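The values are calculated or read from the model by the stated rules, or taken from the named source; none is laboratory data. Here the structure is a predicted model, which means the values were calculated and not measured. Because the Cβ atoms are built from the backbone with ideal geometry, glycine has one as well, and the counts that use them run over all protein chains shown. SASA here: full protein model, heavy atoms, side chains in, ligands and nucleic acids out. Shrake-Rupley method; radii C 1.70, N 1.55, O 1.52, S 1.80 Å.
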Amino acid sequence: MSGTATYSVLASASVVASASAIAGLALFAAWSTLLSVIDIRERRLPNRLLVLASGTTIPLLLASAVVHGFHRGGLSAIASDAAGRLIWDTVLVAAAFGAVFAALWRWSPQGIGGGDVKLSPLVGAAVGFTGGWTAATLTVVGAFAAAAIWSIVRRPRRRPGALEKASAVPFAPCLFVSAWATIACI
């Protein structure tokens, strides 16, 4: 392949990787807004929307990472380069978020909802893609801090004897706010 053709293919791959990343993060923004509003209003996250959110966003982020890897040097780059790390960070952080939140739910089902467990791989993939394990740690700490602050701010408004479920903090908005704050700072 001539130098010009090689440059053209590499430039095209770079554009595809960037477009896929932008589309994935734009979808993550849209889903984070919609799911936050639903969680605040209904105190639940519908399974259909969670599946749709993860099924549309995570593949775009992974496609961007894979195309970036091919752009950087093909399969060998994916196996050993920063592009490979990008793929692994996206996948492993998503899996770790799912495992940690499932364990938290199993340990204390009143403390975290099943919808939050199903949401966590999506958030993990987005922060893993943008900032790896550092972003993942900051996001989890920030989400629990945001939930604690929300709980403290709402405490004076609670009526004595009110149902605990009605006063529970919706965790999805806390998780999304923390994820976006982390993404913005990384």
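Solvent-accessible surface (1.4 Å probe) assigned to Ser32 amounts to roughly 10 Å². Using a probe of 1.4 Å on the protein chains alone, the accessible area found for Arg154 is around 70 Å². Placing Trp107, Trp150, Trp88, Trp31 in order of accessible area, with the largest value first and a 1.4 Å probe, yields Trp107, Trp88, Trp150, Trp31. Charge tally for Trp105 (other residues, Cβ to Cβ under 11 Å; Lys, Arg +1; Asp, Glu -1): +1. Could you do me a favour and compute the accessible area per residue for region 89-148, 1.4 Å probe, result in Å²? Ligands and nucleic acids excluded, the figure is 43 Å² per residue.
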